Amino acid sequence: MEKKIILTTTAPAPIGPYSQAVLIGNTLYCSGQIALTIDGTLVTDSIEAETKQVMHNIGELLKAAQMDYSHIVKTSIFLTDMGDFSKVNGVYASYFSSDFPARETIQVSALPKGVHVEISVTAIK
């Protein structure tokens, strides 16, 4: 199968040696997204604001692959504080109406650039 690199200027550029997303066949693998805007500014107002920016970035990657949130089948959420779970969950849930993706939420000791949440997704067209 052909491997297609998804690169869009409507989501933040990678901050390391990785692609924003990779499309193989009908499956899209999105790299973990943090609360960076396209100009490289970190959104740090609140965990809800961080999560909203992360989900926005994911939406832009999906759009670049001609998909939307309904195509997501698997999500991984990384938090630096599991105490933020309900706030992140509230924002996350607002992006789905039904048929929620499979998901795990993991607490980690640190994330890139000192953010509090990172989310990666797999989507199928």
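Bear in mind these aren't lab numbers, they're just calculated from the coordinates by the rules spelled out. What you see is a predicted model; the values in this text were computed from it and never measured. Reconstructed Cβ throughout: ideal geometry from the backbone, glycine too, with neighbour counts over all protein chains shown.
Of all residues in the stretch 11-52, those satisfying the criterion of being of a type in the set (A, V, I, L, M) and buried (at least 20 other Cβ atoms within 10 Å of the Cβ) are Ala11, Ala21, Leu23, Leu28, Ile34, Ala35, Leu36, Ile47. Of all residues in the stretch 88-109, none satisfies being under 29 Å from Lys4 (Cα atoms), surrounded by 14 or more Cβ atoms within 10 Å (Cβ to Cβ) and touching a Cys at 6+ places or on another chain (Cβ under 7 Å).
One line per residue, one yes/no per condition, for (1) hydrophobic (A, V, I, L, M, F, W, C); (2) within 15 Å of the chain's Cα centre (by Cα):
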| position | (1), (2) |
| --- | --- |
| Leu42 | yes, yes |
| Val54 | yes, yes |
| Phe78 | yes, yes |
| Ser94 | no, yes |
| Ser98 | no, no |
| Gln107 | no, no |
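Beta carbons closer than 6 Å, at least 6 apart along the sequence or on distinct chains, pair a first residue in the stretch 90-103 that is without any contact (Cβ under 8 Å) to a residue 60 or more places away in the chain and under 14 Å from Ile47 (Cβ atoms) with a second that is surrounded by 13 or more Cβ atoms within 10 Å (Cβ to Cβ) and basic (Lys, Arg) for Val91/Lys52.
Is it fair to say Glu60 is under 10 Å from the mean Cα position of the chain (by Cα), of a type in the set (Asp, Glu) and closer than 15 Å to Ile6 by Cα? When the stated conditions are applied, Glu60 passes them.
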